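All remarks here apply to the structure that follows.
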Amino acid sequence: MNYYSWETYEKKPWYLRWWFLLIVILVMIACAGSFLAYGYLSYKFANQVERYDLSKLETMESASVIYDRNGVEMGKIFIQNRLPIHFSEISKNMVFAIVAEEDNRFFEHDGVDYFGVIRAAISNYRQGRIKQGASTVTQQLARNCFDLHERSIHRKILEMFLAHRIEHHFSKEKIMELYLNRVYFGSGFYGVEAAAMGYFGKHASALTVSESALLAGLLKSPNALSPWNNAKSAQGVRDFVLNRMYELGFINKRGLQEALTLPLGVQKRSNPFKVSYAIDLVRQQAIAALGYERAMNGGVRIDTTFDIHLQGVAETALRKELDKIDLTKGYNHETYAAYHERNSKLEEMVAKGRFINFPIPSYLQGAVLTIDNHTGGILALVGGRDFMHSEYNRALQGRRPPGTLFTPLLAAAAYSKGIFPGEVVDDSCMDNHYVMIGGETGILGEWGVESAENSYEGPMTSHEAVARGKNAAVVRLGFLTGIDCLKKFCRDAGIENPIREFSNAYLGSSEMGLDSLTLAFSLFPGAGSRPEKIYTISKITDSDGSLLFEKSLRRVDVISPEAAFQTHAILDDALHQVDASEIKKENLSSFASGGKSGTAYDFTDVWFIGYSSEITCGVWLGFDKPQRIYRGAFGKELALPVWVSVMNASLETFAPQLITPPTTLHALPICRSSGLLATDACQEAHSVITQYATDAQIPKRSCDVHGHHAYDYTKDFETEEWPRAVSAIDLNSISPIIATGPTLLASEDVYQSIVPITPGKSMNLTIPVAKAIATDTKSTTHESLVPLVNTREGEQKESKNSNIAIEKALPVNTEIRRAEPALPMDLPNASPVMNLTRPKPIKFYE
């Protein structure tokens, strides 16, 4: 009996058919297996991911940011160039670009995009290799933070579980913030803020749609797609991201078309490690204060004393002046432009982040240092012409003889000793053996003021001698002061370099730095006191605002306010009278100030240091290897213009005040020829100047040089009272030396040089005329014996008396000895540069 017919089978529902039941069974087995597998994986990986400290997601190596005195950002120091910011400081365009490029369903999934996993698995199966990934933004964050870069199934599963845990602990906005602060955008930029500043020179909050799309596209391959290395590929990935943003509805059609037509808009590439001398100095001081790791990776805030406006003016003014000198007639050295052209390929490599050692530059260099007189804080610092070419900081490391730029410091030492500025010193010839300026012989003083012409002017006050750079007179002021007094003053003024023991130290032969000289000159507007040291960092705080470092300020008293103002009066005259034409040409604004220029011998170095009541600025120009700039290169023409630019730029922020004399000083009319109180006759002779004196320095009488009031110090003596010359030694006590042979090699002792002398008896020797030995006239032609005489025109002609027989004497061996100059008997402590220990001559020019 057939219980099952075909008709009956055909009438069974589909869900009762065997094949459906088989599918159900298989699905149930798969689900059970999945649940079992998930349970196993959950047990295995859930406990493992719990061991990861999620607080590390917010711990990143970040750059420390440098700010100027007004809170303006100047630069950064770092190992990884990263500037973490809050989600609210990130442009929405950037968030949409990341979602479009990296994670379409970021705001929907819980850390893992399972549809993306399936899609990537199918694509990889078809291609036979792993080509696509399905990592979400959260997974990438976990991978980068906890260094999960192993390519394995185990790592992928661990990453997925870790992403789930991150999603449960942080909001979507926080996750996006952490991601954009951590990822690498190429060219040394970590995080979106550093990338926005590096590529476009703007903050991440200001990124446009096009700029955001470019940065998002770089994440696939930051170095290969860099707009600086491969602009075409960079534009391609940018356009791809823009189209994805349009497809997802983040931008409209019009926005897409406008963005596609825009250029990449990246700024010129620069090496963030080779920025400037100022930033490099802050880096060194921050490391000294905090240690390397904390300073470079701690993301701290570094507040400095720099004024970014003055810094820019100093850099521009120095570069402009040096470029001008390169084009000056007579300048025959390598120019900066030639060096730049010769090493352009190396500069391109450095701009890409490579560390290249440049050939030592031989072009003209310069340095500028500006400090706050009250604190010692550095306001502007330029250590050379180009930090990329040479990191040698000439403002802080260079040591060169300042020449007569140094002489105001000699005056300050003299006045602190009690010497009156009206003290007369003689501007007259001086044997150069005393100082050896420019050589071992010659007359000192032929290199005087910064002028092609100079002359001796006789007696003048020490004030005028220093102000006008009269070298011989200044040396005589040094003799009155003494080398020991000068050395003590220099130590107290902050000059740590040793002062030479010789007299040329009075004219600045000792090597010194621009930093110590600038600090020393701040004494004069500072009423005799100075800051303890110059510095840059005022304080350092961490990301929470906690104070990590703060500079303590202290001042050092060096000289009295009276001596400081007396020296300031010299520098006031030197600037506004001696250099009056130059400051007028450079348009120096009118304010209370003082300054001094200087030029090294043979025009190798030029200087200018000057000040107002608020700041002091020093300028140096020269070569790293001393050599002539060009003949006629004076400090007042080359260094002064840079100083004027900086000082004029400082007036608004650092408004100068009057520099007034202390009440203990008296302004007196003094005769410049005598150093005494001036009379009407001095007025008529135009020899009156104003000098400041303390009570102890006021002259006790009037001028004794001019007019009928002159004092007469002579005395009338009777003839028998006249002083008689007395021999310095008793000749009777000295035994004469008897000659043992003739001193003149002739046929006879014509001078009776070997006649014995009896001690105690007078000698009455008759000295005959020397006889010459007649020549053999027979063996000599008459013409050959005709004497020659010189005519006025320099032509040689025969003597009229040509018949005279010529007799000749035998030659005498003689030794010519040069007498050494006598030394002054009252020179305090200074050793003249001469005798066996004579050093190498010092070369300088004012």
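The values are calculated or read from the model by the stated rules, or taken from the named source; none is laboratory data. It should be emphasised that the depicted structure is a prediction, and the values quoted were computed from it without experimental measurement. Virtual Cβ from ideal backbone geometry, glycine too; neighbours counted across all protein chains shown. Surface accessibility is based on the protein's heavy atoms, side chains included, excluding ligands, DNA and RNA. Shrake-Rupley method; radii C 1.70, N 1.55, O 1.52, S 1.80 Å.
Some notes on this structure:
- Members of segment 63-81 that are touching a Gly at 6+ places or on another chain (Cβ under 7 Å) and in a strand (DSSP E or B): Ser64, Ile66, Asn81
- Segment 474-501 - residue that is within 27 Å of Tyr392 (Cα to Cα) and assigned to a helix (DSSP H, G or I) and, of those, most open to solvent (accessible area, probe 1.4 Å): Arg491
To keep it simple, each residue is scored yes or no on (1) over 20 Å from the mean Cα position of the chain (by Cα); (2) surrounded by fewer than 24 Cβ atoms within 10 Å (Cβ to Cβ); (3) closer than 21 Å to Ala317 by Cβ.
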| site | (1), (2), (3) |
| --- | --- |
| Ser503 | yes, no, no |
| Leu514 | no, no, yes |
| Pro525 | yes, no, no |
| Ser529 | yes, yes, no |
| Ser543 | yes, yes, no |
| Ser546 | yes, yes, no |
| Lys551 | yes, yes, no |
| Arg555 | yes, yes, no |
| Lys584 | yes, yes, yes |
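- Residues within segment 342-396 that are within 16 Å of Ala317 (Cβ to Cβ), in a loop (DSSP other than H, G, I, E, B) and of a type outside the set (Asp, Glu), tallied: 6
- Single unsatisfied condition, Thr138 versus (1) surrounded by 22 or more Cβ atoms within 10 Å (Cβ to Cβ); (2) under 16 Å from Tyr52 (Cα atoms); (3) modelled with pLDDT under 90: (3)
- Summed over segment 388-405, residues that are modelled with pLDDT under 95 and either among the hydrophobic types (A, V, I, L, M, F, W, C) or touching a strand residue (DSSP E or B) at 6+ places or on another chain (Cβ under 7 Å) (or both) total 9.
- Residue among Ala46, Ala32, Ala97 that alone is aliphatic (A, V, I, L, M), surrounded by fewer than 12 Cβ atoms within 10 Å (Cβ to Cβ) and either at pLDDT below 75 or assigned to a helix (DSSP H, G or I) (or both): Ala32
- Those residues of segment 398-433 which are under 25 Å from Met512 (Cα atoms) and either aliphatic (A, V, I, L, M) or in a loop (DSSP other than H, G, I, E, B) (or both), in sequence order: Gly398, Arg399, Pro401, Pro402, Leu405, Leu409, Leu410, Ala411, Ala412, Ala413, Ala414, Lys417
- Residues in segment 587-603 that are open to solvent by 10 Å² or more (accessible area, probe 1.4 Å) and touching a Ser or Thr at 6+ places or on another chain (Cβ under 8 Å) were compared, and the one that is farthest from Ala411 (Cα to Cα) is Phe591.
- Test for Asp386: is it surrounded by fewer than 22 Cβ atoms within 10 Å (Cβ to Cβ) and closer than 19 Å to Phe654 by Cβ: no
- The residue that is nearest to Ile175 (Cα to Cα), counting only those in segment 189-220 that are of a type in the set (D, E, K, R) and open to solvent by 40 Å² or more (accessible area, probe 1.4 Å), is Lys220.
- Some residue of segment 158-170 being open to solvent by less than 30 Å² (accessible area, probe 1.4 Å) and farther than 25 Å from Arg82 by Cα: yes
- Scan segment 572-615 for residues that are in a loop (DSSP other than H, G, I, E, B), touching a Phe, Trp or Tyr at 6+ places or on another chain (Cβ under 9 Å) and over 16 Å from Gly635 (Cβ atoms) and the total you get is 4.
- Residues being small (Gly, Ala, Ser), assigned to a loop (DSSP other than H, G, I, E, B) and free of Cβ contacts under 8 Å to residues at least 40 places away in the same chain - total across segment 522-560: 4
- Looking at Asn271, Asn223, just one residue is in contact with a Gly (Cβ under 8 Å, 6 or more places away or on another chain) and open to solvent by 70 Å² or more (accessible area, probe 1.4 Å), and that residue is Asn223.
- For segment 325-350, filtered to residues that are modelled with pLDDT under 90 and closer than 27 Å to Leu638 by Cα, the residue that is surrounded by the fewest Cβ atoms within 10 Å (Cβ to Cβ) is Lys329.
- Evaluation of Ala574 against (1) touching a strand residue (DSSP E or B) at 6+ places or on another chain (Cβ under 6 Å); (2) of a type outside the set (D, E, K, R); (3) on the phi > 0 side of the Ramachandran plot (one fails), failing number: (3)
- Some residue of segment 266-276 being assigned to a helix (DSSP H, G or I) and among the aliphatic types (A, V, I, L, M): no
- Residue that is modelled with the lowest pLDDT, among those in segment 49-73 that are open to solvent by 40 Å² or more (accessible area, probe 1.4 Å) and closer than 21 Å to Gly201 by Cβ: Glu73
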